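Some notes on the structure that comes next.
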Amino acid sequence: MKVLIVGGSPRAKGNTDTLLSSMRDELERNGVSTTLAFLRDYSINPCVGCEQCRTDKTCSRFLDGMHLLYPEIESAEGLVLASPTYNYNITPMTKAFIDRMYPYFNFSEPRPGPYSSRLADRPRVAATVGICEQNEASEMGVTMPALTEPLRPLGYTICDQVAITGHFQRGSVREDTAANERVRAAARHLVHELHST
């Protein structure tokens, strides 16, 4: 059983990374193999909507870092996707990652019409994590739905959505016992769902 953990923060060793480290520790403590990918370490071009992937079943427009992540996505039964809130939304690199999962869709003709996902070939489970500087969850804007909703049509069952607020200084969440327990609980929930599918 494998979980791919994807961090969408451009800041190394910040609050998003800290939360993902807690999740990874909990997943591995529960016997799950993990791969941790920080998107800042990959060069990922944004999707340009060329639609060539409908024929090629992969992104042939850009031979970039996303091609290192496609095999990880495909081989993992679980996904953790995390982003800090940037201007009421996810980070651009997180959006690029999500958009570049578009090649997994199969579309019927004519469009618009029914479609399916090649990632729905087996049960897959995901958890999403967002973190925001402000204290009110409303200040996260569309961060959580932007992380979560695109994963559903790709074939993921969403087992948890974790929204952490009130952290700006790098690594400040490390001292937040409740936040760390919240992401560890999400990790345990993910393990439970993976065993249940």
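The values are calculated or read from the model by the stated rules, or taken from the named source; none is laboratory data. In this text the structure is predicted, and so the values were computed from the model without any measurement. Cβ: placed from backbone, ideal geometry, glycine included. Neighbour counts: every protein chain shown.
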Next item on the list: Check residue 63 against each of (1) in a loop (DSSP other than H, G, I, E, B); (2) touching a Lys or Arg at 6+ places or on another chain (Cβ under 8 Å); (3) hydrophobic (A, V, I, L, M, F, W, C) and name the one condition it does not meet.
Entry: (2)
Notebook entry, point to check: Would the range 47-65 turn up any residue that is at pLDDT 95 or above, crowded, with 21+ Cβ neighbours inside 10 Å and among the aliphatic types (A, V, I, L, M)?
Noted result: no
